[in-house]
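What follows is a set of notes on a single structure, which appears directly below.
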Amino acid sequence: MKVTHRLLLWSLLWTACHASKLNPGSYGGSATTKGYRADSLPAPYATPSAMNYSRVIGWTNGQTPVAPAGFTVTRFADGLDHPRWLYVADNGDVFVAESNKILKGIKKAGAKISRKIKTQHYGESANRITLLRDTNKDGYAEQHYLLRKDLNQPFGMLVSGDHFYVGNTDALMRFSYHTGDTIIRDTGVKLLSLPAGEHNQHWTRSLLQDPSGRKLYIGVGAGTNVAEKGLDNEVGRACILEVNMDGSGEHVYASGLRNPVGMDWAPGTHQLWAAVNERDELGDELVPDYLTAVQPGGFYGWPFYYYGSHPEPRMEKEMAMAPRQPVITPDVPLGSHTASLGLLFYRGKSFPSKYHHGAFITQHGSWNRSVISGYKVVFVPFQNGRPAGPPEDFLTGFVANQTQSEVHGRPVGIAMLPDGDLLITDDVSNVIWRIHHH
């Protein structure tokens with residue numbers, strides 16, 4: 001009876017899915033990204049599963065990340081409390097979600113022992129959204145306003161009409177808002193409950209509106225690494241949800257996406273893309289995070305398969321519950337354990353033409369690799385709405401000492417200002433960096 005119940009739950013979860021064409025993956029990675037084509041991945045456990053948490057040392061005065069020649073990197077804001085995600089309104093107001101994973105009891109004690117708490121700065125969450133303004137146009141946000149407090153691990157944000165939407169870890173919230181407001185006093189309306197609970201490893205809830213303004217997309221990560229707490233815990237997770245702007249009409253837009261955090265529309269198309277944070281503990285080079293076009297009803301494998309139709313060895317006993325449809329192979333591998341989270345297609349004009357309509361991806365950095373990887377922002381060129389080359393480094397310098405696993409910070413959120421400059425959050429150093437081309 002228990003197996004039947006689980007099968008029913010999973011059949012409901014995958015109802016929206018349909019068969020999609022497999023592809024071998026568009027691009028392998030460079031030597032620095034350690035990317036692989038789907039047909040050339042190493043075997044599981046080819047190397048031991050490493051526990052190598054980085055040590056954050058911060059930035060001294062004058063230190064900044066490093067961008068290509070012709071760009072300058074400066075502080076846009078600091079003095080924040082774990083600035084995780086960004087949203088820029090049409091009028092140039094910058095909203096930052098200050099939030100964090102919350103660990104309690106045994107989990108918190110274990111994180112301290114493993115050095116995880118130093119890497120992630122886990123513990124308390126500010127649970128607020130701050131509004132930033134650079135009123136004198138000197139490149140630094142001298143005005144900070146507490147827009148809204150007492151939220152529940154807020155992450156995704158967007159403005160639509162007279163409403164401000166927030167993706168709390170457990171709910172989609174909507175507040176009354178008018179352009180230029182510096183505080184939200186409205187108690188808000190809960191439009192939709194989202195899965196959270198005790199096993200909520202991937203707690204962020206990213207938001208994206210479709211170009212028509214009629215639909216809202218919500219990235220919901222898996223509750224665990226590879227369903228180790230049972231499949232029942234993963235119902236409604238590891239997917240992108242589509243809802244109407246009032247929260248109605250909820251359905252799974254695409255599934256099998258372990259942690260689809262960054263989402264954006266390729267310019268000039270109606271194609272949704274996502275940056276997906278893949279699973280751990282299969283060795284140094286498994287499994288690659290990836291950038292992929294998201295097909296409606298598509299299934300991308302988690303937890304039964306990885307990077308196409310490679311079977312997950314830890315799910316051998318549960319394979320009978322896997323959806324009976326082909327697994328879509330992602331488009332661009334981004335390196336294993338890089339924690340590729342933020343995604344933004346460049347729609348500005350101030351950067352050189354090679355960056356126009358291409359994808360920037362933030363990599364928060366590894367813990368499960370013998371030599372740390374990620375901790376940078378990469379760029380994937382696009383032409384005609386499709387990847388036109390492998391990932392290349394764009395913003396580096398976050399790693400202070402690779403041998404000692406020391407880092408200055410960790411990039412996460414990304415957004416574009418009206419003038420075309422980019423903003424990058426560094427959540428463990430509590431800084432937002434501004435990248436300007438001159």
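Residues checked against (1) out of contact with any Leu (no Cβ under 8 Å at 6 or more places or on another chain); (2) surrounded by 22 or more Cβ atoms within 10 Å (Cβ to Cβ):
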{"residue": "D232", "(1), (2)": "no, no"}
{"residue": "V235", "(1), (2)": "no, no"}
{"residue": "V243", "(1), (2)": "no, no"}
{"residue": "H251", "(1), (2)": "no, no"}
{"residue": "S255", "(1), (2)": "no, yes"}
{"residue": "P267", "(1), (2)": "yes, no"}
{"residue": "H270", "(1), (2)": "yes, no"}
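Annotation: of all residues in segment 36-50 being of a type in the set (A, V, I, L, M) and surrounded by 14 or more Cβ atoms within 10 Å (Cβ to Cβ), the one that is modelled with the lowest pLDDT is A38. Annotation: of all residues in segment 156-173 being part of a loop (DSSP other than H, G, I, E, B) and under 22 Å from R84 (Cα atoms), the one that is nearest to the chain's Cα centre (by Cα) is G156.
Here is a yes/no grid of residues against (1) in a loop (DSSP other than H, G, I, E, B); (2) farther than 17 Å from D93 by Cβ; (3) touching a residue at least 40 places away in the same chain (Cβ under 8 Å):
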| residue | (1), (2), (3) |
| --- | --- |
| K137 | yes, no, no |
| A141 | yes, no, yes |
| H144 | no, no, yes |
| P154 | yes, no, yes |
| F175 | no, no, no |
| L191 | no, yes, yes |
| G197 | yes, yes, no |
| N200 | yes, yes, no |
| W203 | yes, yes, yes |
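Looking at segment 239-252, I want the residues that are under 26 Å from V226 (Cα atoms) and part of a strand (DSSP E or B) and have a partner that is modelled with pLDDT of 95 or more and among the β-branched types (V, I, T) with Cβ atoms under 6 Å, at least 6 apart or on another chain. Which pairs are those? These pairs meet every condition: C239/V220; C239/V252; L241/I218.
If you check A400 against the conditions, is it touching a Leu at 6+ places or on another chain (Cβ under 7 Å), assigned to a strand (DSSP E or B), within 24 Å of W59 (Cα to Cα) and at pLDDT 95 or above? The answer is no for A400. Kindly establish whether I435 is crowded, with 24+ Cβ neighbours inside 10 Å, at pLDDT 95 or above, in contact with a Leu (Cβ under 9 Å, 6 or more places away or on another chain) and within 22 Å of L208 (Cα to Cα). When the stated conditions are applied, I435 does not pass them.
The values are calculated or read from the model by the stated rules, or taken from the named source; none is laboratory data. Keep in mind it's a predicted model, so treat the numbers as computed, not measured. Quick reminder, even Gly has a Cβ in these numbers, built from the backbone with ideal geometry, and neighbours come from all protein chains shown.
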